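Below: one structure, written as structure tokens.
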Amino acid sequence: MTNRIFKSCSLILIVLLLFSENAFSQKFILLQKGSKEKNRLKYEIGETFTYKTKKNDFYITDVIKDIQNDIIVLSENVLLPSDITSVYILKKDPRNSTLKNLSFLSYGAGAVLLSANVINSLYQDGSIRFESGGLITSGILFASGFGFSKLRYKHFKIHKRNKIQLITLYGD
């Protein structure tokens, strides 16, 4: 009885070790500005990667299939990190969601102030009338919302302090 349990446990352990080669390894591309951890962006296998190379003046979007010590294997290309000049990070950078929320907040505040001004004039006079102070403040709020929407981080250019690294942890 114990011999059969020992054999089945051994068989399960061998199967787990054979199929868990990738479970213990982690591979990713790290985009980092300076030495701060806050400025790191991580791309893992299976994610879409939009990049510009030294040979091309346009961005190419591809899916990461594998990351080795010196090359990035994409679904349609093999890429050296030294060939990359810029990476498109508009949807990847978490700071962009903060700027997007701030721009929506400014747009919303401008709309609320403008509608409150209209409702107040309708209640008091029975006609739509805009006060100059309310229009100026609403315009400033709309303009600041537009400005915040244009401040988002779109490109990570590889130069000086901006680095691209291929990281393989516990891999082959």
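The values are calculated or read from the model by the stated rules, or taken from the named source; none is laboratory data. Nothing here was measured: the structure is a model prediction, and the numbers come from that model. Counting neighbours? That spans all protein chains shown, and the Cβs are built from the backbone with ideal geometry, glycine included. Only protein heavy atoms, including side chains, enter the accessible area calculation; ligands, DNA and RNA are left aside. Shrake-Rupley method; radii C 1.70, N 1.55, O 1.52, S 1.80 Å.
Looking only at the stretch 71-93, how many residues end up being under 14 Å from K154 (Cβ atoms) and open to solvent by 60 Å² or more (accessible area, probe 1.4 Å)?
Residues in the stretch 71-93 being under 14 Å from K154 (Cβ atoms) and open to solvent by 60 Å² or more (accessible area, probe 1.4 Å): 3 in total.
How many residues does the stretch 29-46 hold that are aromatic (F, W, Y) and open to solvent by 20 Å² or more (accessible area, probe 1.4 Å)?
Going through the stretch 29-46 one residue at a time, the tally reaches 0.
Out of the residues in the stretch 49-70 that are in contact with a Leu (Cβ under 8 Å, 6 or more places away or on another chain), surrounded by 15 or more Cβ atoms within 10 Å (Cβ to Cβ) and not polar (S, T, N, Q), state the one that is nearest to P94 (Cα to Cα).
My answer is F49.
Residues are listed down the side, and each one gets a yes or a no for (1) in contact (Cβ under 8 Å) with a residue 40 or more places away in the chain; (2) open to solvent by less than 40 Å² (accessible area, probe 1.4 Å); (3) touching a helix residue (DSSP H, G or I) at 6+ places or on another chain (Cβ under 7 Å); (4) closer than 30 Å to K54 by Cβ:
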residue: N96; (1), (2), (3), (4): yes, yes, no, yes
residue: G110; (1), (2), (3), (4): no, yes, yes, no
residue: L122; (1), (2), (3), (4): no, no, no, no
residue: A143; (1), (2), (3), (4): no, no, no, no
residue: N162; (1), (2), (3), (4): yes, yes, no, yes
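Among the numbered conditions (1) modelled with pLDDT of 90 or more; (2) within 21 Å of P94 (Cβ to Cβ); (3) in a strand (DSSP E or B), tell me where G46 comes up short.
For G46, the failing item is (3).
Within 30 Å of G147 (Cβ to Cβ), part of a loop (DSSP other than H, G, I, E, B) and modelled with pLDDT of 90 or more: is that true of F58 in this structure?
So F58 passes the test.
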